[in-house]
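Data block below; observations after.
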Amino acid sequence: GSMAAIPSGRGSAAWLMCAWALTCSWSSKTASAFCLRSHQPFLRPTRTHGSQGCSSRVAFGTFGAHSRRTRADMRWIASVAGSSKKTAIVTNDNHKRHNGFMHPECPQRVDRMWEEMRKQGIADSCTVLENRLAEDKEIELVHDKNYVESILSGSPEIDGSTYFHKKDSASANAARSAAGAVIDAVEAVCKGEARNSFCAVRPPGHHAERDRMMGFCIFNSVAIAAEKAKKDWGCNKVLIFDWDVHHGNGIQHIFYEDPSVLYISIHRGGMDKSFFYPTTGTAGEVGRGEGRGFNVNIPVEFPGVGDPVYSVAMERIVLPIAHAFKPDIVIVSAGYDAAGGDPLGGMNVSPAMFRKMTKQMMEVANQHCDGKIVLALEGGYDVDVTADCAVECLKELVGLDDEVKEEEDIALSPWAAAELQWVKPSMDRVIEIQSEFWPQLKQESAK
């Protein structure tokens, strides 16, 4: 049951089904399971590549699905001669067995990414860390014990969009490995073993709630790692920036009353009421109790917008708040389903814009926490587009100078002025709401 078995032609049936899935995704992520071939380009020309199926292998060895290796047992598999403080790519093979028939959250998402990283030589410029499985006590930092036990025993309640292999431990171990990867990535940068980190793992995690799976997500890997950073590695203030096209309801709810974690999300959705999955993330959701002001939602109400809107949101809202917070570590929930060509997102953000946002968040980390930043893969369901976006982000993490001027690289929409006019009232509203907590934004509200 591999999506790679579906023909890659651009016939009318494939286009019709992809268009149908994109339309249905306005209200439900469940429709995504019917999208023919998640890497069928929807808004851009087809490209020819090598193997894109499950047979794609990565040159980092095999990691047993049932391994219980500890941090002390882990092996650094590949590195470039020279300084040991490099960008770390954290990964494992466990995700390959977590595979749903014709489901867009498929192993090719990571396999294709690795093909492109190796093709462009990015992997050779990094240290590759094969991570362990997250321990039960680590997962229970943010998830209910009964829920964790149901996952590990293969008897959870299944939501309408997330598949789970109950007859073996494939899905449970994939989720534990994804959580372990983000934990290990955070530990590596906190202990100075890596300059920064990128987690090439799946399944995603930001929708997972304390007591249930949701939206392709089983364990909330970023939330687990953030709590671990606070508990064990001296990070009193954690900034989580989520640029996935879907709001990270799980991260928001887990830290909704916690002033030590600032959650900022830019996503597709409504200002006061959202009909786009998961229907949370309105501008008025600012946190509760001591956590008021530490939850910042930037809903983008119009589909099809891209770089100009995201660039303005970064400059007017994200960066002023991030700098004012002065984090001890930055963790990015790096979903790429807002990119042009994704069958579920319906947006038009370019790979260059994702790289620019990476650069901007690195500047926050460099200024406030000695460069401690971790990117963790969340969504992104056109595998070619996701690979392109991830590689651009990795180029920035590595510090690769590819001699492309930013002004030429950012794909500004010909409708940029119209896009900005459409979203200006929304941006102004977010600034107005958040100015109560972040006075740095007051001057922006007058613009």
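Counting 0.36 nm for each residue step from LYS191 to LYS137 and taking away their Cα separation leaves a gain of 17.3 nm. For HIS267, the residues whose amide H sits under 5 Å from its own are ILE298, VAL300, ignoring neighbours fewer than 5 places away on the same chain, with H placed 1.01 Å from N. When the trypsin sites (Lys or Arg not before Pro) in segment 90-161 are filtered for DSSP coil states and for at most 10 other beta-carbon atoms within 10 Å of their beta-carbon, no site remains. In this label model, ASP370 and GLN440 are separated by 2.2 nm, measuring between points 7 Å along each Cα→Cβ vector. How far is the Cα center of segment 314-357 from the Cα center of segment 146-182, in Å? Cα centroid to Cα centroid, the span is 28 Å. Work through the residues other than ASN236 whose Cβ is under 12 Å from its Cβ and net out their charges, Lys, Arg +1 and Asp, Glu -1. Neighbourhood net charge equals +2.
Once both labels are positioned 7 Å from their Cα atoms along Cα-to-Cβ, the gap between ASP402 and GLU290 label points is 4.4 nm. Note on LEU152 and LYS273: the model spin-label points, each 7 Å out from Cα along the C-beta direction, lie 4.3 nm apart.
Readers should treat all values here as calculations from the given coordinates under stated rules, not as data from a laboratory. Worth saying up front: this structure is predicted, and the values here are computed from it rather than measured. Note that each Cβ is placed from the backbone with ideal geometry, even for glycine, and that neighbours are counted across all protein chains shown.
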